[in-house]
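Trainee: Take this structure first; my questions come after.
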Amino acid sequence: MVDVTLDLENMPLLHPITSHTAYIPGANNLGIILTGDGGAIAVDTGLDKDTGRLVRRALDEAGLQLRAIISTHHHADHIGGNDYLVRNLPGVVVHASRLEAPFIENPILEPIYLTLGASPPSALRTKWLMAKGAPVHQIIDEDAVDIAGVRLEIIPLPGHSLGQIGVAFDGVCFAADGFFGSEILVKHGVPYAHDVAAQIASLERLAMRDERWFLPGHGGLTPRNELEDTLRANQYAIERASRAVRAALAEPGDTLAVARRVQRMLALTITGLPQYAIFVSAVAAHLSYLEAQGDVTLVMTDEGAVWRGGS
């Protein structure tokens with residue numbers, strides 16, 4: 001790799017982390033890895049074509065050429081800029097893990113699984129849940145990969161989604177939604193999970209890392225000496241959600257009834273159907289987690305499938 005150092009301090013859209021890494025801060029942080037020869041790798045692309053344009057403008061401003069995109073997971077706010085960038089910047093190669101790739105290429109799958117496998121209603125066919133599809137050119141199966149001439153370490157971070165990955169390079173861990181900033185936890189109450197046990201294991205995996213900087217998808221850039229407190233806050237938020245779900249089963253109830261009780265217990269405000277669908281899915285993940293621990297059971301009754309707390 002040719003070592004080309006850029007004056008990122010004078011480039012307002014790109015915020016430097018180290019001499020070969022930067023990010024575009026926002027509601028969703030977008031990572032940038034410098035290849036050292038005038039190229040760049042984007043780690044996620046944000047919600048839509050506007051964030052795609054932002055990535056392009058930031059790289060143009062810095063005199064960098066986008067060579068590749070690493071999509072850490074399939075959620076719309078992480079892949080929404082892929083379509084714009086792939087269509088408008090020839091030669092950009094999209095990389096993703098094997099489990100995430102089908103969802104990135106076929107974003108309709110996300111609202112489908114939030115609708116129990118049914119064709120989703122129009123309220124769930126929005127950019128908040130369903131980005132524009134874009135091809136995945138390369139599947140990431142290894143724990144180290146060469147992309148655009150740069151050797152990168154890949155960190156498995158499942159839990160928030162099926163096959164989420166993080167990327168480590170030059171003393172920086174791009175952690176995607178492997179953890180959330182403390183202010184994000186306060187705002188949303190229940191960190192979204194597909195698999196709660198895997199989510200907790202990913203927190204433990206991150207705690208063992210020794211990079212100097214950790215960039216979550218949502219929240220502030222975190223130095224290593226503040227990471228443990230932030231991960232502890234994530235662990236607490238997950239445990240708090242599980243306790244609320246368990247307490248909601250003081251009386252039996254189906255998944256929707258449990259979700260309503262948890263929402264009241266935690267005084268959460270839900271403003272739209274996409275947010276509601278995501279919340280119910282997160283509650284369902286906690287119910288599955290508690291069932292695996294033997295704390296709750298799912299039984300078929302005359303009223304349908306009902307969750308019951310243990311004795």
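Trainee: Within region 162-183, count every residue that is within 11 Å of residue 97 (Cα to Cα) and not β-branched (Val, Ile, Thr).
Mentor: Quick first cut of region 162-183, residues within 11 Å of residue 97 (Cα to Cα) only: 162-166.
From what's left, not β-branched (Val, Ile, Thr): 162-164, 166.
So the count comes out to 4.
Trainee: Quick check on this structure: which one of 228, 303 is at pLDDT 95 or above and of a type in the set (D, E, K, R)?
Mentor: Numbers: 303 fails: at pLDDT 95 or above.
It is 228.
Trainee: Does residue 33 fit the bill of being hydrophobic (A, V, I, L, M, F, W, C), part of a strand (DSSP E or B), more than 22 Å from residue 161 (Cα to Cα) and in contact (Cβ under 8 Å) with a residue 40 or more places away in the chain?
Mentor: Details: hydrophobic (A, V, I, L, M, F, W, C): yes; part of a strand (DSSP E or B): yes; more than 22 Å from residue 161 (Cα to Cα): yes; in contact (Cβ under 8 Å) with a residue 40 or more places away in the chain: yes.
Spelling it out, residue 33 is indeed hydrophobic (A, V, I, L, M, F, W, C), part of a strand (DSSP E or B), more than 22 Å from residue 161 (Cα to Cα) and in contact (Cβ under 8 Å) with a residue 40 or more places away in the chain.
Trainee: Mind listing just one residue for me: the one in region 146-187 that is modelled with pLDDT of 95 or more and charged (D, E, K, R) and, of those, nearest to residue 279 (Cα to Cα)?
Mentor: Taking region 146-187 as the starting set, the residues that turn out to be modelled with pLDDT of 95 or more are 146-181.
Restricting the remaining residues to those that are charged (D, E, K, R) gives 146, 151, 153, 170, 177.
Details: 146: 37, 151: 37, 153: 32, 170: 36, 177: 16 Å.
Step by step, filter region 146-187, then rank; the result is 177.
Trainee: Would you mind stating whether residue 249 is over 24 Å from residue 161 (Cβ atoms) and either in a helix (DSSP H, G or I) or not polar (S, T, N, Q) (or both)? Spell out how you get there, then give the answer.
Mentor: On the way: over 24 Å from residue 161 (Cβ atoms): yes; either in a helix (DSSP H, G or I) or not polar (S, T, N, Q) (or both): yes.
Yes.
Trainee: Here is a follow-up. Any chance region 197-208 includes a residue that's surrounded by fewer than 19 Cβ atoms within 10 Å (Cβ to Cβ), at negative phi, more than 18 Å from the chain's Cα centre (by Cα) and outside the structural domain of residue 110 (by TED's automatic domain parsing)?
Mentor: yes
Trainee: Condition first: over 16 Å from residue 241 (Cβ atoms), out of contact with any strand residue (DSSP E or B) (no Cβ under 8 Å at 6 or more places or on another chain) and part of a loop (DSSP other than H, G, I, E, B). Can you find one or more residues in region 164-185 that meet it? Before you say what the answer is, go through the steps one by one.
Mentor: To start, the set of residues in region 164-185 that are over 16 Å from residue 241 (Cβ atoms) comprises 164-176, 178, 181, 183.
Subsequent filtering for residues that are out of contact with any strand residue (DSSP E or B) (no Cβ under 8 Å at 6 or more places or on another chain) retains 183.
Restricting the remaining residues to those that are part of a loop (DSSP other than H, G, I, E, B) gives none.
Looking for residues that are over 16 Å from residue 241 (Cβ atoms), out of contact with any strand residue (DSSP E or B) (no Cβ under 8 Å at 6 or more places or on another chain) and part of a loop (DSSP other than H, G, I, E, B), one finds none in region 164-185, hence no.
Trainee: Just one of 242, 202 is farther than 18 Å from residue 174 by Cα and among the polar types (S, T, N, Q); which is it? Steps first, please.
Mentor: Details: 202 fails: farther than 18 Å from residue 174 by Cα.
That would be 242, the only listed residue that is farther than 18 Å from residue 174 by Cα and among the polar types (S, T, N, Q).
Trainee: When residues of region 36-54 are filtered for being without any contact (Cβ under 8 Å) to a residue 40 or more places away in the chain and either among the β-branched types (Val, Ile, Thr) or not assigned by TED's automatic domain parsing to the domain that holds residue 153 (or both), how many remain?
Mentor: 1
The values are calculated or read from the model by the stated rules, or taken from the named source; none is laboratory data. This structure is a prediction, so every number in the text was calculated from the model and none was measured. Virtual Cβ from ideal backbone geometry, glycine too; neighbours counted across all protein chains shown.
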